Amino acid sequence: MKLKSALKYTLNAISYGILFAIAFLLLVPNSNTNSLLQQLFNQEKPTPAPLSYAKAVSLASPAVVNIYSEEIQPNPRYGQKPHKSTRLGSGVIMDANGYILTNLHVIQNADLIQVLLQSGQLFPAQIIGFDKITDLAVLKVNATNLPTIPQKNSLQSLVGDIVLAIGNPLNLGQTVTQGIISATGRNGLSNTNYLNFLQMDAAINNGNSGGALINSNGVLVGINSRQFTQSTPELNIQGIFFAVPYQLAAKVMLQIIENGRVVRSWLGVSATRYLTDAKGFLVDSVSPNSPAQVGKIQVGDIIYQISEQPINSIEQALDIVAETKPNTALTFKLYRQGKNIETTITVVELNN
């Protein structure tokens, strides 16, 4: 009881002391007391920092370069000087030793290619190789310790992700535009079209091609490629742009560095329907003299497994074949007229 009384006495004393101090400050005001009271009773809430992608851009932008490709065209008039035409584009430094990814259409038929870094350094570049299907090309400059774009092998882009396109549109200098991913693309090496690319609404113009598409963390999402176009010019199409997904671009780059080109295998079948009940795709046609014809694949067969991999979609099956080393034997499991059939087929290199 004595301890309880003593504690009660102490708390009361502290309370009276605080009340006396506040009363004294109020009765004897001065600049110091006013400042103290303002801190006690009128604390302002801190203003939140504005939403910004400056950090992401600062991480990625040093690795995005300007590309100037010059083509020398002969003059049809005898004795006249040849014409020089310069194309504008962008590129992404993928490796500190000078490997740069860009679009093929940026450097196609070029006689001279120059790469301008954001630091102001200018380098001549050589073409290591290119891939027409994905419209990608790999360049090499003779330099080391270059700034590289942040990359993440496990990156998975989703519809609705915020993205930033970095490039040099119309030679205005490095520019950033912002949008979201409108549709996702595949990452396999089988034949690629618009539907297999990342679709986004971050604006890209002439000069942006080959530049970087990054996420809000500054990580590479894709290589900016093109704007959607149709043969009907009266349609005013806006906000539909495409980029090659990062994982696909990385696969293409590694193959080009290793082989000077992209090596794809070919089976020789076409399909338009995936049957969910059979969990396989229906063969619509078989190309003459193709591996599929040699392996006795027939129209109407339902292929449900390639080697040890069950088939989840037509695209997945095509990618399995495309990414297999040429002259490799694959085991195909299929249904034919209600019967299970297994056949071994040696795929060959696709001739582009």
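Listing for the model above:
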item: Subset of segment 308-322 (residues that are surrounded by fewer than 17 Cβ atoms within 10 Å (Cβ to Cβ) and modelled with pLDDT of 90 or more); result: 309, 310, 312
item: Index of the failed condition, residue 287 passing every other in (1) touching a Lys or Arg at 6+ places or on another chain (Cβ under 9 Å); (2) not assigned by TED's automatic domain parsing to the domain that holds residue 134; result: (1)
item: Qualifying residues in segment 117-131 (those that are among the hydrophobic types (A, V, I, L, M, F, W, C) and crowded, with 16+ Cβ neighbours inside 10 Å) - the one nearest to residue 226 (Cα to Cα); result: 130
item: Per-region count, segment 152-186, residues surrounded by 15 or more Cβ atoms within 10 Å (Cβ to Cβ), of a type outside the set (Lys, Arg) and in a loop (DSSP other than H, G, I, E, B); result: 7
item: Residue that is surrounded by the most Cβ atoms within 10 Å (Cβ to Cβ) [pool: residues in segment 234-286 that are farther than 22 Å from residue 211 by Cα and among the charged types (D, E, K, R)]; result: 264
item: Residue in segment 227-250 that is assigned by TED's automatic domain parsing to the domain that holds residue 102, in contact with a strand residue (DSSP E or B) (Cβ under 8 Å, 6 or more places away or on another chain), more than 19 Å from residue 183 (Cα to Cα) and at pLDDT 90 or above present; result: no
item: Scope segment 123-140; condition β-branched (Val, Ile, Thr) and within 12 Å of residue 108 (Cα to Cα); matching residues; result: 127, 138
item: Neighbours by Cβ (under 9 Å, 6+ apart or cross-chain): first from segment 326-349, of a type in the set (Gly, Ala, Ser); second modelled with pLDDT of 90 or more and assigned to a strand (DSSP E or B); result: 329/344; 329/345; 329/346
item: Breaking point among (1) of a type outside the set (A, V, I, L, M); (2) surrounded by fewer than 13 Cβ atoms within 10 Å (Cβ to Cβ); (3) touching a residue at least 60 places away in the same chain (Cβ under 8 Å), for residue 134; result: (2)
item: Breaking point among (1) in contact with an Asp or Glu (Cβ under 6 Å, 6 or more places away or on another chain); (2) modelled with pLDDT of 90 or more, for residue 271; result: (2)
item: Residue list for segment 86-140, filter: among the acidic types (Asp, Glu) and either assigned to a strand (DSSP E or B) or not assigned by TED's automatic domain parsing to the domain that holds residue 64 (or both); result: 131
item: Residues that are closer than 20 Å to residue 135 by Cβ and of a type in the set (S, T, N, Q), drawn from segment 105-120; result: 108, 109
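The values are calculated or read from the model by the stated rules, or taken from the named source; none is laboratory data. No experiment lies behind these values; they were computed from the predicted model shown. Ideal geometry is used to build each Cβ from the backbone, glycine not excepted, and the neighbour counts take in all protein chains shown.
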